[in-house]
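First comes the structure, then the notes that go with it.
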Amino acid sequence: MRFKNRYGINVAADLYVPNNARGRLPALVVSDPFGAVKEQSSELYANEFARRGYVALAFDPSFTGESGGTVRNVASPDIFTEDYSAAVDFLGLQKIVDRERIGAQAVCGLSGMALTAAAADSRIKAVATASMYDMSRSMSRGHQDYHTREQRQKVVDYLSRQRWIDAENGTFARGSHEVPFDENGNVAPSNLILPKSLPADADPITKIFFDYYRTERLSPALGHLHQRVDRDHADVVLRLPECQVRTPSQPRKSSASEVRKWRGRRRPRSAPRSRRFPMARRP
């Protein structure tokens, strides 16, 4: 599915609908953690919600995954908040959805944006979160407010001067959503949040993050998923156990066991196949 937010960005999503649905159903907008794509976790939630009778829309935030946005991987809490309301716009136009029973389910770093959207958009009747994290505060003050006032000013100065460098180069430099510091308390810029290989002495938190963001995943309702490291596109063959995933190229069908091509794109020849995981696996 594709729909536009109020910034004119095309948002990509998959709509999960219960089999044999009748009448107008409650619906949920389902998001991923900050910086993740829908194939990593929101489709797991959406698939389960559809089994329980909800219409569920799993989406890629702007600048991420299959969604639009000219500069990729931008961290923009205000636009991410708008993505939720744009998703509610889309759900409210579906004949199967009860407009008075639309909620949001958010994971980790996008949970704060879901709450902000609900505060400004009364069409969102309820919000549920998993592992909620205040990403906006984290970006400005560091994890658990560990940045001192002096360090916060250093971050502002670093980001401000980086704009001149970007303007001179005609490009946009990437960086961590939480600007790191070295042992001497100076800004230590990095465009890599996680190493490409896990160190033997990695701490438990790094291991958890590495497992989630560096491991190729199987989408919940999909028989096979290939997902490149850049996570920009997944080419899949789809088997639906108890719900239907609707895309523009897929008309609604009553048979839940039929295997179908999704989005009609071929897997790149050079791309390796991913490992398979049980459907019930959680990130």
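Nothing in this text is a laboratory measurement; each read-out follows from the coordinates by a stated rule. None of these values were measured; they are calculated from a predicted model. All Cβ positions, even for glycine, are placed from backbone atoms using ideal geometry, and neighbour counts span all protein chains on display.
Using a Förster distance of 22 Å, how high is the FRET efficiency between residue 215 and residue 177, based on the Cβ-Cβ distance and rounded to 0.05?
Efficiency for this residue pair is about 0.60.
Work out the length of the dipole vector of region 103-158 about its Cα centre, built from +1 on the beta-carbon of each Lys and Arg and -1 on the beta-carbon of each Asp and Glu, and round it to the nearest 20 debye.
Charge dipole of region 103-158: 80 debye, to the nearest 20.
Sorting 113, 132 on the 10 Å Cβ count, fewest up front, what's the list?
132, 113
Can you put 9, 205 in order, fewest other beta carbons within 10 Å first?
Lowest to highest Cβ neighbour count: 205, 9.
Apply the Karplus curve 6.51 cos²θ - 1.76 cosθ + 1.60, θ = phi - 60°, to the phi angles in region 94-103 and return the couplings in whole Hz, x for Gly and Pro.
8, 5, 7, 9, 8, 4, 8, 9, 10, x
Testing the spin-label approximation: label points 7 Å from Cα along Cα→Cβ at residue 203 and residue 186. State their distance in nm.
It works out to 2.3 nm between the two label points.
Give me the net charge for the shell around residue 117: Cβ to Cβ below 11 angstrom, other residues only, Lys and Arg +1, Asp and Glu -1.
Every neighbour counted, the sum reads -3.
Filter 38/125; 4/95; 38/95; 125/154 down to the pairs with a C-alpha to C-alpha distance above 29 Å, please.
Those over the limit are 125/154.
Based on other C-beta atoms within 10 Å, arrange 110, 93, 28 from fewest to most.
Listed from fewest to most nearby Cβ atoms, that is 93, 28, 110.
If you take the alpha carbon radius of gyration of region 68-136 and divide it by 2.2 N^0.38 Å, what ratio comes out, to two decimals?
In units of the 2.2 N^0.38 Å rule of thumb, it is 1.14.
Relative contact order (percent) for region 70-151, with alpha-carbon contacts under 8 angstrom and 6 or more residues of separation?
Rounded, it is 26 percent for region 70-151.
For residue 137 and residue 164, calculate 0.36 nm times their separation in residues minus their Cα-Cα distance, and state this gained length in nm to one decimal.
7.2 nm
Kindly provide the chymotrypsin sites (Phe, Trp or Tyr not before Pro) of region 145-209 that DSSP labels as loop, not H, G, I, E or B, and whose Cβ sees at most 16 other Cβ atoms within 10 Å.
Here the sparse-neighbourhood loop sites are 146, 172.
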